[in-house]
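J.: This is the structure I want to talk about, given as structure tokens.
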Amino acid sequence: MSQLPPDDVTRRAFLETVARTGGQSFLFGSLFVNTALLRLPQAGTDAKARAEAEVGKGVIYGFVVDTTKCIGCGSCVRACRAENGVPDGYNRTWVEQYTFYPDGEVFVNSPNGGEDGFADPAPTRNKPTGTEAPMRGFFVPKLCNHCIDTPCIQVCPVGASFKTDEGVVLVDHERCVGCGYCVQACPFGSRYLNPETGTADKCTWCHHRVVRGLLPACVVSCPAEARIFGNVSDPQSRISRILATNRVQVLKSFLGTRPRTRYIGLDSEVI
Amino acid sequence: MRHAAHFARLVALLVIVVVGFLLVRAKMVPKDFGVKGHFRLSAIADEAAREPRHIGSDACAECHDDIGAAWRAGKHHVPQCENCHGPGLLHTKVVAEDSTRGYPDKILTAFPKAINPGTGIRECRWCHLKTFERPSALKYIVSVQQHVEQHGGTYTSASRCIDCHDPHTAEVKR
Amino acid sequence: MHHYITEGYVLPNQAHIYWTTMIVLYPYITGIVAGAFIISSLHHVFDKDELKPVSRFAMVMAFAFAMFATLPLLNHLGHPERALNIMFTPNVTSAMAGFGFIYSAYLFILAVEIWLVYRTDIVHLYEHTRYPALKPVYWLLALGVLDISKEAEAVDRRVMIVLASIGIPAACGLHGYVGFIFGAIKANPWWASPLMPVIFLLSAIVSGVAMVMLCYIIIHWVQKREISGPCVHALIETAWYFLIIDVTLELLELINHAYMANEDWTILKQLVTGKLFVSMFIIQILLGSVVPFLLMGAVVVFKQRVPAMARNLIAVGCSVLLLAQVGAMRWNVVMGGQMFSKSLRGFLNFQVDLYGREGLIAGAVIFALPFVVIFVFSRLLPLWGNVATFPKEWMKEEPPVRQPLKGWTKFTS
């Protein structure tokens, strides 16, 4: 889809703003920029002044994954890898394929994180009696849950993992010692030690794009509208409307991490 | 205490170590650490400083206006340019330097995973091939051969989707 | 980092094992530190006088291993040069952040205790050493104060009693804390358990006692010194006692997992009966626990009726088994927790490297370093007994015979 949701700022608006205010102030004023660009600045508005006025308005980002829509094309995985320079063998986002057989067995798969697409033709299972056709199946995209009570920040010994005011969990690559404790503490396998930087790494919800008013790369590249990102504290935003009209689930809710990434149509077999 | 000179030295040693540690610490901890929480505040700016590599289809269409217009008007406007072509940032930079070279080799070198479109049916099958787990409401191709033959074509191992379809509009070429 | 061969569904980022040999070695080394220290405390604080022959050595061993406890960690870090960030900006909510401080404090207490125990010997050797080149070394070790008068020793004794009393909770804290680092990870069902710190602490004591016992007998055999029967017996008794509590809790932990049979038990069951079968049931439980339990139990039951040689052989054999038991336990916890994926649907085929930064050879070198320190120490100060039993050729003349302060010999000899 070429039309971005109404609560998401177009790139052009961002470029105009950068031209007006200068890129530098943007980087250091990311907090302001977030707030300012979350709603479309009207033409002629001084974005910087507007941003400063909106500080403290409490923008909170959220992410919804609609598993009923995912077609398992892997576009998000490829886009994420390219956008963030994720090393081979590691994933900031990945797609899982769930296939159910009539006898109750479940097969889960994510070859290369789904980057190269999925098995074709539809998977059949080898049984002593021959091959057996599956009963039902679906895809589940996964990414960092940006938990509210996140265990990764809790365990980081040096304060290299932190949360922004908007609820985004980030890693400070200049202070991270690379101990891997956060990797162990994340219940979802969202983190990895980046062999190129020697530091912990993870999905940032494309923070660097969001501060420029762009959507995360996985959201932009999704052809099925299975990924929705936006400001959950704005009741008019698309994500808020989706959250208001759907029953959503989170992964491993019993661990009490309170994920900000929420799922529509999650099956009990998805762990 | 008269006979505790050795402890005095020990304590002095300890004080030197602790004071030394505190001095080094004062120098090593960034000034903006702990301002807004237990982290270095400028780490947010560091993260924000990364340049987005996906420039967006609008940006592509600024130069490739004819294809952009066709893509936007056609029925294949859901996938973005960069879904198949790879991120455009380096391309725009290279072209800005020298418009006669740079695409796609240089991008492929910089982004090994970037796609060189048109090499086959790989990019198309990502979305269009029938996979059991896909939502059933959508229509997919079960087999390329079947699809080609169904529409009166001749299928060979060299057949590619773009032999018949315009990838930007998905229309059948005449 | 390797991309391991996987079975079933493993989350993409978990096709790697992030904590390997070094993280197995780290709790193993700190365990020996805590255990060896407990041995010296049993003598110093709890008046178990049979342990007198090894109490000094146990302290030196604790210190030698403590010196290298952080080395595996440093070797493992992605950015070892930033290691001090853990003390510059410690995150109070992190189970790991306290390590820098707890470890430093413990190392300091240990160093001061050893210093007090050896201060008289240091001063004697400063005054009487045959090797002039060593004089400045002894002077530095004495911090330049040569006062070993009765009054000074009285001060030493008071400080020593305070330190020894702080030392016990510090040693327990250090190692219980290491267990907490694993036990507090709710993301990993194989680790998350309030029993983990207790099990780590008890197995630490077992490994420390075993290491002291092994080295005591082997070194005495090599140097043809007389081995104290009551001492070996007391060491065996101590090891046996702690082994029983340790293994009881280890089994309790496993049985609890099996009996509660939570969602995660399906995969944990496959883990313990599959990839961990040898290291858990064969090494940790059968060879490392049942066999030493029976052998040492025989020594405990039959007491003096056991011939000295048999007792020593059992002590050496069981020490090796106990060290293997604790090593296997560390392996089963640290590696076992990473051999299955948090998807609870798949496993990794982990293989240890021989070479490389975190390979077996690197691990062996790190593990050998404490012994180098103990050797160097034994060239400077007496490992066994005190300066009166020091090799005569080290000194120009006999040290003056001194009437030791009442209640102080316990610490200095």
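J.: Would you please give the residues with an amide H less than 5 Å from that of B:Leu129, counting only those at least 5 places away or on a separate chain, with H modeled from the backbone geometry?
T.: Answer set, sorted by chain and number: B:Ile141.
J.: Another question, then. How far apart, in nm, are the 7 Å Cα→Cβ label points at C:Thr266 and A:Glu174?
T.: Once both label points are built, they end up 4.7 nm from each other.
J.: Please state the charge dipole magnitude for the stretch B:5-48, taken about the Cα centre, from unit charges on C-beta atoms (+1 on K and R, -1 on D and E), reported in debye and rounded to the nearest 20.
T.: Working: 6 positive and 3 negative charges, 44 e Å.
With Lys and Arg at +1 and Asp and Glu at -1, about 220 debye.
J.: To continue, here is another question. According to a simple spin-label model (label point 7 Å from Cα along Cα-to-Cβ), what is the distance in nm between B:Asp66 and C:Phe108?
T.: 7.7 nm
J.: While we're looking at this one, here's another question. Pairs to check: B:Lys93/B:Lys139; B:Lys130/C:Lys186; C:Lys48/C:Lys303; A:Lys252/C:Lys275; B:Lys130/B:Lys173; B:Lys36/C:Lys342. Give those whose C-alpha atoms are more than 28 Å from each other in this structure. Display every interim value, and only then the final one.
T.: On the way: B:Lys93/B:Lys139 39 Å; B:Lys130/C:Lys186 39 Å; C:Lys48/C:Lys303 17 Å; A:Lys252/C:Lys275 26 Å; B:Lys130/B:Lys173 23 Å; B:Lys36/C:Lys342 33 Å.
Listed pairs above 28 Å: B:Lys93/B:Lys139; B:Lys130/C:Lys186; B:Lys36/C:Lys342.
J.: Ok, one more. Among all the aspartates and glutamates, which ones have a C-alpha under 12 Å from C:Lys135's C-alpha, if same-chain residues fewer than 8 places away are not counted?
T.: C:Glu127
J.: Students often forget the sequence filter, so: which aspartates and glutamates lie under 19 Å Cα-Cα from B:Lys27 once same-chain residues fewer than 8 apart are removed?
T.: Cα-Cα hits under 19 Å: A:Asp172, A:Glu174, C:Glu81.
J.: Under the classification rounded if a/c is under 1.5, otherwise prolate if a/b is larger than b/c and oblate if not, where does the stretch A:177-271 fall, given a ≥ b ≥ c as square roots of the Cα gyration tensor eigenvalues?
T.: Working: a/c = 2.14, a/b = 1.32, b/c = 1.62.
Judged from the Cα gyration tensor, the stretch A:177-271 comes out oblate (a/c at least 1.5, b/c at or above a/b).
J.: Also, I was wondering about something else. Taking DSSP loops as anything outside H, G, I, E and B, show the longest stretch in chain C free of GluC sites (Glu not before Pro) there with at most 15 other beta carbons within 10 Å. Before the final figure, lay out the partial values.
T.: Numbers: sites that count: C:Glu226, C:Glu263, C:Glu397.
Maximal segment without exposed cleavage sites: C:1-225.
J.: Select from C:Phe293, C:Leu383, C:Thr273 the residue farthest towards the positive end of the dipole of chain C; place +1 on Cβ of Lys and Arg, -1 on Cβ of Asp and Glu, and compute about the Cα centre.
T.: C:Leu383
J.: Give a residue-ordered list of calculated ³J(HN,Hα) values for the stretch A:187-195 (Karplus: 6.51 cos²θ - 1.76 cosθ + 1.60, θ = phi - 60°; whole Hz; x for Gly, Pro).
T.: Each residue of the stretch A:187-195 in turn: x, 10, x, 7, 9, 8, 8, 6, x Hz.
J.: Shifting gears a bit: Using the Karplus curve 6.51 cos²θ - 1.76 cosθ + 1.60 with θ = phi - 60°, what ³J(HN,Hα) values do you get for each residue of the stretch C:118-128, in whole Hz, with x for Gly and Pro?
T.: Result, rounded to whole Hz: 9, 4, 4, 5, 4, 5, 4, 5, 4, 7, 10.
J.: Also: Could you work out the mean count of beta carbons from other protein chains within 10 Å of each residue's beta carbon in C:137-150? Could you put the intermediate results ahead of the total?
T.: Working: counts 0, 0, 0, 0, 0, 2, 8, 3, 8, 2, 5, 2, 2, 1.
Across the residues of C:137-150, the mean count of other-chain Cβ atoms within 10 Å is 2.
J.: Over its Cα atoms, what ratio of radius of gyration to 2.2 N^0.38 Å does the stretch C:193-334 give? Before the final figure, lay out the partial values.
T.: Details: Rg = 16.6 Å, N = 142, 2.2 N^0.38 = 14.5 Å.
This ratio for the stretch C:193-334 stands at 1.15.
J.: Calculate the FRET efficiency for C:Glu151 and C:Met309 from the Cβ-Cβ distance with a Förster distance of 41 Å, rounded to the nearest 0.05. Don't skip to the answer; put the middle values down first.
T.: Working: r = 47 Å, r/R0 = 1.14.
It comes out at approximately 0.30.
J.: So if R0 is 35 Å, what FRET efficiency would A:Asp149 and C:Ile245 give, r being the distance between their Cβ atoms, rounded to the nearest 0.05? Spell out each step's value before the answer.
T.: Working: r = 35 Å, r/R0 = 1.00.
Efficiency, rounded to the nearest 0.05: 0.50.
J.: Quick one: putting +1 on the C-beta of Lys and Arg, -1 on the C-beta of Asp and Glu, what dipole do you get for the stretch B:118-174 around its Cα centre, in Debye to the nearest 20? Working shown, then result.
T.: On the way: 8 positive and 6 negative charges, 14 e Å.
The dipole magnitude comes to about 60 debye.
J.: Suppose R0 equals 51 Å. What FRET efficiency, 1/(1 + (r/R0)^6) with r the Cβ-Cβ distance, do C:Tyr131 and C:Leu286 give to the nearest 0.05? Walk me through the intermediate numbers first.
T.: Values: r = 51 Å, r/R0 = 1.00.
The value I calculate is 0.50.
J.: For B:His165, which sequence-distant residues (separation of 5 or more, or a different chain) have an amide H within less than 5 Å of its own amide H, given hydrogens modelled in the peptide plane?
T.: So B:His165 has HN proximity to B:Lys173.
J.: Under 5 Å between amide H atoms, partner at least 5 residues away or on a different chain: which partners does A:Arg262 have, H built in plane at 1.01 Å?
T.: Distant-sequence amide H within range of A:Arg262: A:Phe63, A:Val64, A:Val65.
J.: Ok, one more. Once label points are set 7 Å from the Cα along Cα→Cβ at both A:Asp116 and C:Val320, what is their separation, rounded to one decimal in nm?
T.: Result: 4.9 nm between the two label points.
J.: Per the helix-only calculation at 222 nm, which mean residue ellipticity applies to chain C, given -39500 (n - 2.57) for every DSSP H run of n ≥ 4 and division by its residues, nearest 500 deg cm²/dmol? Mind dumping the intermediate values first?
T.: Working: 15 runs with 258 residues, N = 413.
Mean residue ellipticity, 222 nm, calculated: -21000 deg cm²/dmol.
J.: Scanning chain C for chymotrypsin sites (Phe, Trp or Tyr not before Pro) in DSSP loops with at most 12 other Cβ atoms within 10 Å, what's the longest stretch left with none?
T.: Values: sites that count: C:Phe46, C:Tyr355.
Longest gap between qualifying sites, sites excluded: C:47-354.
J.: Highest first, please rank the peptides B:47-57, B:151-161 by the mean number of other Cβ atoms sitting within 10 Å of their residues.
T.: On the way: B:47-57: 20.3, B:151-161: 11.0.
Packing order, densest peptide first, comes out as B:47-57, B:151-161.
J.: If you add up the charges near C:Val300, with Lys and Arg at +1 and Asp and Glu at -1, over every other residue whose beta carbon is less than 14 angstrom from its beta carbon, what do you get? Working shown, then result.
T.: Working: positive: C:Lys303, C:Arg305, C:Arg311; negative: C:Glu50, C:Glu237.
Neighbour charge sum, excluding C:Val300 itself: +1.
J.: Something else: Each residue of the stretch A:164-179 in order: what ³J(HN,Hα) in whole Hz does its phi give by Karplus 6.51 cos²θ - 1.76 cosθ + 1.60, θ = phi - 60°, with x for Gly and Pro?
T.: Going residue by residue, I get 7, 4, 8, x, 8, 8, 10, 10, 8, 6, 8, 10, 4, 8, x, 7 Hz, with x marking Gly and Pro.
All of the numbers you see were taken from the coordinates with simple rules; none came from a lab. Keep in mind it's a predicted model, so treat the numbers as computed, not measured. All Cβ positions, even for glycine, are placed from backbone atoms using ideal geometry, and neighbour counts span all protein chains on display.
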